Amino acid sequence: AIVGLMPPPLLELQQSSQRHYCAITVGEDAVVSAYRLSEDRSRSLVGAILSRGVAATFSTISSLSKILWRSEPSPTKKSRPKPQAFAKTSPLTCLKDSPRKGERLTLSPSGTLAAITDSLGRILLLDTRALVAVRLWKGYRDASCLFVEMLRNKDKSSSSSMHLDYTKSDYCLCLAIHAPRKGIIEVWQMRTGPRLLTIPCPKGSRILQPSTRFSSSSAFSSYTPLEVYLFNGDSGQLSVLNRHIG
């Protein structure tokens, strides 16, 4: 996942034509790795794609002409991968802890936090700007995580008679952890807050999140929070996790 822009290296000139991004990966070789992606502004990605597309079109025409003229096939040569002219990748840091392997990566809406699950049942909360771990959970094998926003003021959320307009500041960012082996879903406040909710869930359940936010049906809310849905694979029932703390 590309988590955002990065400042240029210290020894790089200020008038450089490079634009830098930070990318986070998980996998078997390292639990988590961070890379600097450098893009040359003088060359566009579209231009590079067009140059490759023209080459592919020429190759197709050449192949068709050989079939029509029944020319003898030339010996095939193994093609070597060529570096991309419009971008380069530089490693920044990585976490290697064999036999521990990174499995899933989930980003917060702003991209500043990443929740990473591994093969040993741990969940790592990573600050993608400083590239440091800020929290660690243990004992969550086969877990899946999604970020969710919940109302931080219980008294405000319970007063249904008052016409209250919920804004973004009324919500706090949380992490929903589905632990299928425990049969529960836990909601933890970010970054170092307490556990707010523990919800039992039947076997075969999953937590889901739409790619876009659905507009709120409430006339008293001008902000649409980030929601997580609980899908019961046995009954087919779909429900929204409670957004109210407590």
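The values are calculated or read from the model by the stated rules, or taken from the named source; none is laboratory data. Quick caveat, the model's predicted, so the values are computed rather than measured. Because the Cβ atoms are built from the backbone with ideal geometry, glycine has one as well, and the counts that use them run over all protein chains shown. The area values use the complete protein model at the heavy-atom level, side chains included, leaving out ligands, DNA and RNA. Shrake-Rupley method; radii C 1.70, N 1.55, O 1.52, S 1.80 Å.
The set of residues from segment 126-145 being buried (at least 17 other Cβ atoms within 10 Å of the Cβ) and part of a strand (DSSP E or B) comprises Leu126, Arg135, Trp137, Ser144, Cys145. Within this structure, Arg243 passes the test of being of a type in the set (D, E, K, R) and either modelled with pLDDT under 90 or open to solvent by less than 70 Å² (accessible area, probe 1.4 Å) (or both).
Count, please, the residues in segment 117-141 that happen to be of a type in the set (Val, Ile, Thr) and either in contact with a Phe, Trp or Tyr (Cβ under 8 Å, 6 or more places away or on another chain) or within 18 Å of Arg195 (Cα to Cα) (or both). If you could, list the steps in order and put the result at the bottom.
Within segment 117-141, the subset of a type in the set (Val, Ile, Thr) is 117, 123, 128, 132, 134.
Still in the list and also either in contact with a Phe, Trp or Tyr (Cβ under 8 Å, 6 or more places away or on another chain) or within 18 Å of Arg195 (Cα to Cα) (or both): 117, 123, 134.
Of the residues in segment 117-141, 3 are of a type in the set (Val, Ile, Thr) and either in contact with a Phe, Trp or Tyr (Cβ under 8 Å, 6 or more places away or on another chain) or within 18 Å of Arg195 (Cα to Cα) (or both).
Every condition in (1) at pLDDT below 80; (2) in contact with a strand residue (DSSP E or B) (Cβ under 6 Å, 6 or more places away or on another chain); (3) not charged (D, E, K, R) holds for Leu238 except the one numbered (1). Can you name the residue in segment 208-234 that is over 16 Å from Leu173 (Cβ atoms) and modelled with pLDDT of 85 or more and is also farthest from the chain's Cα centre (by Cα) among such residues? Of everything passing the filter in segment 208-234, Asn232 is farthest from the chain's Cα centre (by Cα).
Assess whether Ser169 counts as being modelled with pLDDT of 85 or more, among the small types (Gly, Ala, Ser) and open to solvent by 70 Å² or more (accessible area, probe 1.4 Å). So Ser169 fits the description; yes. Which of the residues that make up segment 89-110 are without any contact (Cβ under 8 Å) to a residue 40 or more places away in the chain and of a type in the set (Ser, Thr, Tyr)? If the condition is that a residue be without any contact (Cβ under 8 Å) to a residue 40 or more places away in the chain and of a type in the set (Ser, Thr, Tyr), then Ser98, Ser110 are the ones that fit.
Every condition in (1) in contact with a Gly (Cβ under 9 Å, 6 or more places away or on another chain); (2) open to solvent by less than 10 Å² (accessible area, probe 1.4 Å); (3) of a type in the set (Val, Ile, Thr) is met by Ile123 except one, and the failing one is (1).
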